[in-house]
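Pasting in a structure now, in structure tokens, and then I'll have a few things to ask.
The values are calculated or read from the model by the stated rules, or taken from the named source; none is laboratory data. Here the structure is a predicted model, which means the values were calculated and not measured. Note that each Cβ is placed from the backbone with ideal geometry, even for glycine, and that neighbours are counted across all protein chains shown.
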Amino acid sequence: MSIDFTTVIDYVGTFAFAISGIRLASAKRFDWFGAYVVGAATAIGGGTIRDIMLGYSPFWMYQPSYLVVTGLALLFVICFGRYVIRLNNTFFIFDAIGLGLFTVVGIEKSLDASFPMWVAIIMGMVTGAVGGVIRDIFINEVPLIFRKDIYALACIVGGFLYYLCETVGTGHIATQLITAASVILCRLVAVKYHISLPVLKGNEDCQQQ
């Protein structure tokens, strides 16, 4: 049975996002089951919300292989945890990879469902970023996309590049790679050079209420 390139991207993204979630769960001293739940939420949360918004049953309900991939990610962290967890940049790297790959998957699933490009760009962002929101809520952190980091915005940049590549007739696989790479690159550059959106400053009295 042949597997298309989009499916490969989906599985790699699932593995990468699951590791990023499991890594953070381990830092919070979660047990194996708790770490698996956080990893699964990170990996399939965005796609679940996307499918519901597009009118589909969540993909993992009829493709349990995604839950298996999350289990493999947990096994990977258990076996190589002393190396994975101690590396300061591991979470960031795996999260950036997952963000880029899932943005592509979200865009293409939306287009396959005959939604317009602007909806596909939003769904690419939802697929890439919402799993991280659920993860952060589970581990009692302020979600990353609500802080000043360039995160969800990177997905939107990738979505516009996807549209541009499709407009000029770039090959399909090349379009996928360019889109994913642009999201990852945006994330890397933003963190390396401390590029961020302005923080909305509120009244301190309001914050205390």
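Tally time: how many residues in the stretch 155-178 are part of a helix (DSSP H, G or I), loosely packed, with under 14 Cβ neighbours inside 10 Å and among the small types (G, A, S)?
Final tally of qualifying residues: 1.
Consider I137 carefully, then state whether it is of a type in the set (V, I, T) and touching a Leu at 6+ places or on another chain (Cβ under 9 Å).
no
Then there is this: Would you kindly identify the helices (runs of 4 or more DSSP H) lying entirely within the stretch 52-154 that contain at least 3 residues that are exposed (fewer than 14 other Cβ atoms within 10 Å of the Cβ)?
Answer list for the stretch 52-154: 65-84.
May I ask you to say which residue of I145, I150 is in contact with a Phe, Trp or Tyr (Cβ under 7 Å, 6 or more places away or on another chain), at pLDDT below 95 and β-branched (V, I, T)?
I145
Need pairs with beta-carbon distance below 8 Å; first residue of a type in the set (S, T, N, Q) and within the stretch 25-50, second outside any helix (DSSP H, G or I); sequence gap 6+ or separate chains.
Listed pairs, sorted by first residue: S26/I85; T48/P58.
Being on the phi > 0 side of the Ramachandran plot and modelled with pLDDT of 90 or more, is that true of even one residue in the stretch 15-33?
Yes: the stretch 15-33 contains one or more residues that are on the phi > 0 side of the Ramachandran plot and modelled with pLDDT of 90 or more.
I need every pair where a residue in the stretch 130-151 that is closer than 20 Å to M53 by Cβ has its Cβ under 6 Å from the Cβ of a residue that is among the hydroxyl-bearing types (S, T, Y), sequence separation at least 6 or different chains.
G131/T42; R135/T42; I145/Y151
So, one more: Only one of these is assigned to a helix (DSSP H, G or I), of a type in the set (G, A, S) and within 17 Å of V105 (Cβ to Cβ): A18, A35. Name it.
A18
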